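Below is one structure, written out as structure tokens; the observations come after it.
We did not get these values from a lab; they are worked out from the coordinates using the rules stated. Model, not experiment: these values are computed from the prediction. Glycine gets a Cβ as well: all are built from the backbone with ideal geometry, and neighbour counts include every protein chain shown.
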Amino acid sequence: MLTFTIRRLILAIPTLLFISLVIFLLLELAPGDPMAQVPLTVPPEVKEKMRLALGLGEPGYIRFWKWLVQFFWIEPQVLIDHYFGTTFSEGKLRVISWQHRAPVMDVVVQRLPQTLWVVGMSYVVGVLIALPIGIYSAYRQYSMFDQAGTFITMIGYSIPPFFTGPLVIVIFSVQLGWFPFIYDTTHVVNDWDSFIYQLRQMIMPVMVLALQTTAQISRYMRASMLDNLNQDYVRTARAKGLSERVVVLVHVLRNSMIPVVTVIALGLPAIFGGAIITEQVFSVNGIGAQLIGAIQANDLPTVQTLTFMFAFLIVFFNLIADVLYGILDPRIRYD
Amino acid sequence: MTDMSNMEPTKPERSQWVDVWDQFKHHKGALLGGIIFIVIVVGVFLGPLVWPYDAQFIDIRARNQGPSWAHPFGTDQLGRDTLARMMAGGQTSIAVGLTAMLLALGLGSLVGITAGFFKRLDGPLMRITDLFLALPILPLLLVMMLLFREPLSGAVGPERGIFILIVVAIGVTSWMPTARIVRGDVLALKEREFILAARSIGTSNTNMIKRHILPNVLSPIMVSATLGIANAIITESALSFLGLGFPPDFPTWGRLLNDATQYLQDYPERVFWPGLAISLTVLSVNYLGDGLRDALDPRIRGR
């Protein structure tokens, strides 16, 4: 198992390098000019200096190497410095956003909590709703509940978040006036009332994202439960006289959870992608909104770094899913 | 001797597709989904021939109207008829969905069959597939839209340029599931006796793929085609919704939804129609795929 994990870790490195190269080349080949916004009255030699100041003077491979060094070597040092008060990163160049004139990672660190709160909470809520639905609809296959569950999950698959978002805004904010429809990111939770306000403004984005999660995971849960319910060991457990509750919730559930856990791990990065849209709908000031803003402002270092971070999340959770699968299921041995 | 002729099979021979259709008919959801999808496609492409208003016709005195007999879906902030715009938008959305699906399907089948059939290419092609699966699709699509829209618009005109860009971008980033499924099926097929028999009478590789492999992997390809349409329509709408799709005066369902959200407080009902159209199309196509999967699987058929 350990060798497998190490092998996968080593394999992840070329994958990540390839992805960062793809992103870099995509930005490199693009014909857009970051100087296009500069007024025409600025003389060309000044423009050339500005270009150099942005680090655009060198050829592509040097800039790619610099970006790699900054992202993988200097940024972790900054993080260590921040936590332990050391001075590893002093005087070293970091990835600078053209838009904010500040290190990209500083902006990311400001934005990340909003995304994590909304996205993380919605994922937890979605999974918590999905599991019981999946279990029950498998246990009572083809019952009314199962049919209704199938229909609702089909709807969850089919209705995109950019429709459910405005829809819940229309219903719950405009018509009923229950929840605020703009997410206030400056809101500070310091007492009970502000906590309630935070809860109220989080409900709608969480609901929209959770619908998608629920649809997917309850499908997997149901299929996995159905696979296991007809196994011989279930009949044995019933023949031993165990109660139905124990049979389903202990014997079957534990075995059915194995593929579901990996699906949960695999789905996490996709949720970050979906959050880009949901953040746009509810004006949540997270990293999805940062990416959109950077794309509109032609801020290439931010776009490159953020896109790579999304890729990193995907590779990382794929790895976790693979390793988890091996740990949870003793029948699977990767050696 | 007349008795002997009665022993002949009386039933006419049934082709495989008749069996498929028989099974498909039993799946109510799929049948309904298929009908709805056909109605939407026909309505969207033939509707503008019957409907008197043009999608671009501005009637500023009739702006911001609610539903009426003249404008069943109301009008927008410039007095353009929403029904006409929905039909025009649907043409683009469905055209993008179908073309992108065909491109993804072609790429996916090509990679899948090559990887499954030629052992030497299997490793490299599957590694490439894995790499593509690890790409963050939505951010990359956004970046592609940002970077290549201007030059392509300049080269072949704004609408056609963005159409090509969106179709290629979606096609290139969504072929991987098809490739994996097709490869798995081809690998399983290669072990079967009929392939061995065909091989032993000297069938060439090209003929082997054309006559024996391709017809047998058609069902997973068709199922992923339906899922591909749904996926492409949602992706295109998402791009348009984020303002990185087609130009503002060029309606698509996602674009209309985006325009409507800006008037959410005053005219909340405007969000409803484009959203419903997207959801209904995707839902019907998904049910269609569900039914096709059941109908094309000979193990389930006849139950």
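Computed quantities for the displayed model
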read-out	value
Tilt relative to chain B, helix B:253-262 - C-alpha long axis, 0 to 90 degrees, to 10	30
Under the span-like rule (Cα at least 30 Å along the axis, Kyte-Doolittle mean at least 0.0), DSSP H helices of chain A	A:2-29, A:192-229, A:253-282, A:300-328
Neighbour-limited loop hits for trypsin sites (Lys or Arg not before Pro), the range B:162-261 (at most 16 other Cβ within 10 Å; DSSP other than H, G, I, E, B)	B:192
Gaussian network model of chain B, springs between alpha carbon atoms under 10 Å - residue of B:42, B:50, B:223 with greatest fluctuation	B:50
Chain B: angle of helix B:16-26 to the longest principal axis, Cα-based, in degrees nearest 10	50
Length-normalised contact order of the range A:84-226 in % [C-alpha pairs under 8 Å, at least 6 apart]	39
Count of Lys pairs (Cα-Cα under 29 Å; at least 8 positions apart or interchain) in the protein assembly as shown	10
MRE, 222 nm, helices only [DSSP H, n ≥ 4, -39500 (n - 2.57), over chain A, to nearest 500]	-23000 deg cm²/dmol
Sites residue A:47 and residue A:106 - FRET efficiency at Förster radius 41 Å, r taken between beta-carbons, to 0.05	0.90
Gaussian network model of chain B, Cα within-10 Å springs - most flexible of B:29, B:108, B:254	B:29
Cα-derived Rg over Rh, computed across the range A:223-266 with Rh taken as Kirkwood radius	1.04
Hull-based mean projected area of the protein assembly as shown, where the convex hull spans the alpha carbons, in square nanometres	42.0
